[in-house]
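These notes are about the structure you will find just below.
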Amino acid sequence: MSHTAHIPSHRKPRRSASKLALRAGVAGGVLGTIAVAGAAGPANAEPVTETIEMPTLGSLETGAGLASAVAASAEASQQEALDQNLQTLENTALQKAAKEAKTAKAEADRKAAAERAEKARLKAEQERKEAEERASRDRARTQLSTTSSSNDGSGSGSSDSGSSTGSSETSTQAPSGSAAAIVAFARAQVGDSYVTGGTGPNSWDCSGLVQAAYRQANIDLPRISYQQSSMGTSVSLSNLQPGDILYWGSRSGSYHVAIYVGGGKYVGAQNSATGVVERSLDWDTPSGAIRIL
């Protein structure tokens, strides 16, 4: 065999210092126990054949500390789990509240926008109706003016004489009874403003004023001008009496009405520029008249 060949070592492996100390402690405990037992026992006692290994003080303290650390760690883990669960519940509640608030705000904004749109639509519709009514009156007056201008001199003279006759015949007539109540009410409103759809007490449209005036005589008239002019009996402009209803346009399709108050004059809610006025028949000659009284 070569002198350089590896010869296995027969030495025992060294033990770690901690293990040696542990064993020394255990051995010391055992020897101490035996010595105490031998001193306390009788002289003829049989020799001890068993040894009792007693735990050392170091091992007991280490076990108690470990158990305490484990218990503290478990309690800390449980508390952390509870805290996390509580935080999760709080976050969920906050998210739900924020979502509900956002939904409520969106619904309120939608309703407000719908209300504004409806108000704008109603206002536009009202303005459109007023514009159509004004345009209709202007067209009718233009047509009447054109017709009057196209008449020959004799026709105009006949019309003037008819108006004069009507004025002269009625100028001496004082209204009485129901007619007096109607005329008095109509004249009392002179100076009030004109508002489309107005029925008083301080603003009127033409048919609203006529309806309210006739109510003073306990007579209920329809609300619309062409319905009012379709009632009663037709009378000529040369045979008017106080309280008669004057109309402009056709009898079944009139666009304006007023009340004859005598003396060749009438009271009517003309338009937004003039309001309720008292005018001569010659100022705006009506198309016809009806008598209900």
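Observations on the model:
- Size descriptors for segment 185-293, from the alpha-carbon set: Rg then Dmax equal 12.1, 32 Å.
- Calculated accessible area for segment 216-293 comes out at 39 Å² per residue, all protein chains present (probe 1.4 Å; ligands, DNA, RNA ignored).
- Fully extended contour minus Cα-Cα distance, from Ala273 to Asn91, at 0.36 nm per residue: 58.9 nm
- Computed about the Cα centre, the dipole magnitude for segment 185-274 is approximately 80 debye when only Lys and Arg (+1) and Asp and Glu (-1) carry charge, each at its Cβ.
- Percentage relative contact order, segment 206-293, counting C-alpha pairs under 8 Å, at least six apart: 32 percent
- In the complete set of protein chains, residue-level accessible area for Thr103 is approximately 90 Å², probe 1.4 angstrom.
The values are calculated or read from the model by the stated rules, or taken from the named source; none is laboratory data. Keep in mind it's a predicted model, so treat the numbers as computed, not measured. Cβ sites come from the backbone with ideal geometry, for glycine too, and all protein chains shown count toward neighbours. Only protein heavy atoms, including side chains, enter the accessible area calculation; ligands, DNA and RNA are left aside. Shrake-Rupley method; radii C 1.70, N 1.55, O 1.52, S 1.80 Å.
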